[in-house]
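The values are calculated or read from the model by the stated rules, or taken from the named source; none is laboratory data. Here the structure is a predicted model, which is why all the values come from computation and not from measurement. Methodologically, a virtual Cβ is constructed for each residue, glycine included, from the backbone with ideal geometry; neighbour enumeration extends over all protein chains shown.
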Amino acid sequence: MIERDRIQQLISLMVFIVLFCLENPLFSAEATKPSAKQIEFFELHIRPVLIEKCADCHTGDEDAESALAVSSRSALIKGGDFGPAIIPGKPEQSLLYQSIQRTHKELKMPPDVDEKLSKTTIQHFKRWIEWGAPWPEEKTKPLTKSQAKKTQSLTTSHWCFLPRQAIAPPEVNDPQWSQSPIDRFIYTRLQKEKFTPAPMASRRVLIRRASFDLTGLPPTPEEVQEFLDDPDTDLHTFSKVIDRLLASPAYGERWGRHWLDVARYADTQGDVGDFPIPGAYLYRNWVIDAFNADLPYDKFLQAQLAGDILAKREDDPQRARQLKIATGFIALSRRFGNTRFEDQHLTIDDTIDTIGRGIMGVTLKCARCHDHKFDPMLATDYYGLYGIFESTLYPTMGASNSPSPTQLVSAENNPESQQKINAYWDLLSHYQHQIRNHFRPWLKPTLKEYAEVVKKIKSAKKEGKSIEKLEAQRQKLLTSHRGKFRELMEHGLPWLKQEKARLVKQPPAEMLYAVIDGKPHHAKLHRRGNPSNPGEVVPRQFINVISKTKPDLDQKQSGREELANWITDPTHPLTARVIVNRLWYHHFGQGLVKTVDNLGVLGAAPSHPQLLDYLANQLIEQGWSLKALHRQILLSRAYRLDSKDILENSKRDPENVFLWKFTRKRLDAESIRDAMLFVSGELDRQPGGPHPFNPWHKKGYSLNGPFHEVFPSKKRSVYLMTQRLYKHPFLGLFNGPDTNETTGTRKNANIPAQALYLMNSPFVPELAEAFAKRILQTETTEEKQIKAACQIAFSRNPTPTEQSEFLETLYAYRRQLLKERPKESAAVNETAWTGLCKVLLTSNEFFFVD
């Protein structure tokens, strides 16, 4: 009996210990194997911040300022003087999260309030800790010098870094699936996986699908009817629709927006004041025009990477100007911090990351702090590219402590013009500095002493005394503070303000927010990604695993032209694959490689690798024409399939990876807004121009007063002013692009705030009222009005049930309104129709494409 009680006690104790360990985060800190997505998130958003902001003080060394080390996950869990820094899965209880939020009583990190982390970065840390603080496996032993040398010549078997294969489409015995090379690849895989493809979509469905895909707008009832009435074969008739849509100016607006997502376009800088960039719209419009002109994709990239260099060889002034504008792709890299160029390494990092993920589909940024943990890329690869962009002059519209622009680029193709512009901004900055600091306590003694010396000189002249010593004293005072207040002492504050106002109105030439070459040089490697800890000089170069020989970059140019030529070389394994995959994603809702911004080791494997290489080869053979690629994709049978589900297929392939049907897609934020404006008749179809920003000299911005505006507009959404620090109230709510980094894919989140916006925002009822007026003005009977409303909103006629229900809705609404306003029958009818139109504009069918 005693023995049995003792056994039960032991069992109870063991159960208690197990439960305690499970509940105690310190015992459950061992991470489950992190996913590839989580590791990529860590490398992009967590590790760089730990190195940049924390590693200098938190080394864990005996002589370090803190006992805490941030060099590993285990070190963070172990913690320092205050206990564990992180409790995996519990950010609110983690000291690290509390300190960066600055909510802990004693710990506030970084210590300097001016260096505090952005809200976005804090949210990144919260998500990372919630995931369990995933951290990639570290090497147990550091590489020896001999091993490090061997790693400088890399090889890989990963598919994306290997040359494309010349592949012929497979033979298919089904005549319906053998007309298009794309279909032969798709159907061969469907047969292999034993999937039965869906039937063909109707013409009504197809024209709406293609119109939104190519222009971001619904078709008009007239365009639908013309397509339905065409007696030609379905394929030939549809090809006419495709050609018309590709020729529409709306095509460039739609597909220009997709590229602006990749280019992380915004109309503001992203620094703590988020200074507006009045000239950013020129790059936006250049992108739109380039798509409409079907500028070959290789030329499109070359212009954005090296347009200023190419412009020097251009005789046509207008073409040269456009080439310079194209470098907005680089110039619009995000700015950071409070001071001009203080955190330039972060701006260059943003450039490299955008080129890596946006153009080549690889995470170059992960090689900033160390050799890439997964892809065959070295830190020397990163700093080889870094040197190219460190040899490039980036413009700025100002910073909190220096609110005047500088390094803007002359639109004229002449060196003298650029020199005048540089001198102009230097002089304005000089004056601006004096105006902003004239009242500083540390300056007042100098100003007072100068005034007294001038007074003594005047008195001595009147008395005929020598002024030699006094003049020497005056000259010495003028050169004090490094001569930065000379004009303030000589002429006074009113003169300075007057001169500044005069200069502002008389710029020496048109100036662009673009880039030009600076002094070409090689960069030093940043140990652990920290620019304050420089290492050896790294020659400017490209990615070792692709570029087997080092480029011969002279000392006269940055190397951006050579980089552009290397990226667009037909043999480059990444560039064509990436853009083909992007087009495929936007047409089918999922890329042939699901991770469109990452084709590397942590990315997804291609679902149809041979098709991807075939289309990449086709793109190059067809002169890099994106319109030709669109046409080829949209005329495939795979694109023209119906979107209705097949139960047996969806059980085995719920994500439709093998393309046995067309995947139903929700409209993106821009298409929702544009379609609402379009069907209501309120859309302004004219191209967008500059935004009504305050002139730079009339308004400054800072951490405590950043720029924040929303400019009302009825133009297409691509022309709306977008910021980096603040989201547009509509685009931000409906999953618009992240303007701070390459956005290859859009989220499709349905959140309650969207429904609340549609219910309560004045935007929707205004458009519903305009839609109602449009219907009432064009048709006379209610049956025709309902029919017209459905044709405009849904590209189809109403069903008999809908016709009946809509009529009953109108009758019921009018009866209720007439009780309240018996003498306003005309207004009541319009109000009832406004209510019905609001239902149509916010319906599920309006928001989705089949």
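So here's what we get for this one:
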item: Helices (runs of 4 or more DSSP H) wholly inside the stretch 55-138 that include at least 1 residues being under 30 Å from Asp274 (Cβ atoms) and modelled with pLDDT of 85 or more; result: 95-101, 119-130
item: Wholly enclosed helices (runs of 4 or more DSSP H) of the stretch 760-850 bearing at least 3 residues more than 30 Å from Arg640 (Cβ to Cβ); result: 763-778, 782-794, 800-820, 825-841
item: Residue under evaluation Arg340, criteria (1) touching a helix residue (DSSP H, G or I) at 6+ places or on another chain (Cβ under 8 Å); (2) in contact (Cβ under 8 Å) with a residue 24 or more places away in the chain; (3) crowded, with 20+ Cβ neighbours inside 10 Å, criterion not met; result: (1)
item: Enumerated helices (runs of 4 or more DSSP H) restricted to the stretch 596-676, each holding at least 3 residues that are without any contact (Cβ under 8 Å) to a residue 24 or more places away in the chain; result: 647-652
item: Residues of the stretch 481-537 classified as farther than 23 Å from Asp381 by Cβ, of a type in the set (A, V, I, L, M) and out of contact with any Phe, Trp or Tyr (no Cβ under 6 Å at 6 or more places or on another chain), total; result: 10
item: Residues of the stretch 402-426 satisfying the condition of being modelled with pLDDT under 95, in a strand (DSSP E or B) and not polar (S, T, N, Q); result: none
item: Conditions (1) touching a residue at least 40 places away in the same chain (Cβ under 8 Å); (2) in contact with an Asp or Glu (Cβ under 9 Å, 6 or more places away or on another chain): number failed by Trp255; result: (2)
item: Residue selected from the stretch 736-760 under the condition among the β-branched types (Val, Ile, Thr) and out of contact with any helix residue (DSSP H, G or I) (no Cβ under 8 Å at 6 or more places or on another chain), by the criterion modelled with the highest pLDDT; result: Thr739
item: Verdict on Asp298 being touching a Lys or Arg at 6+ places or on another chain (Cβ under 7 Å), assigned to a helix (DSSP H, G or I), farther than 24 Å from Leu667 by Cα and in the same structural domain as Pro395 (by TED's automatic domain parsing); result: no
item: Residue that is farthest from His433 (Cα to Cα), among those in the stretch 301-331 that are in contact with a helix residue (DSSP H, G or I) (Cβ under 6 Å, 6 or more places away or on another chain) and not in a helix (DSSP H, G or I); result: Glu314
item: Gly700 being more than 30 Å from Ala576 (Cβ to Cβ), part of a loop (DSSP other than H, G, I, E, B) and touching a helix residue (DSSP H, G or I) at 6+ places or on another chain (Cβ under 9 Å); result: yes
item: Residue match in the stretch 209-218 (condition: at positive phi and crowded, with 16+ Cβ neighbours inside 10 Å); result: yes
item: Failed item, numbered, when Thr745 is tested on (1) surrounded by 12 or more Cβ atoms within 10 Å (Cβ to Cβ); (2) assigned to a helix (DSSP H, G or I); result: (2)
item: Check on Gly89, within 18 Å of Lys33 (Cβ to Cβ), of a type in the set (Gly, Ala, Ser) and out of contact with any Phe, Trp or Tyr (no Cβ under 9 Å at 6 or more places or on another chain); result: no
item: Residue list for the stretch 491-542, restricted to those being among the hydrophobic types (A, V, I, L, M, F, W, C), under 32 Å from the mean Cα position of the chain (by Cα) and over 29 Å from Gln322 (Cα atoms); result: Ala523, Leu525, Val537, Val538
item: Total residues in the stretch 503-545, condition over 25 Å from Gly328 (Cβ atoms), assigned to a loop (DSSP other than H, G, I, E, B) and touching a Gly at 6+ places or on another chain (Cβ under 7 Å); result: 3
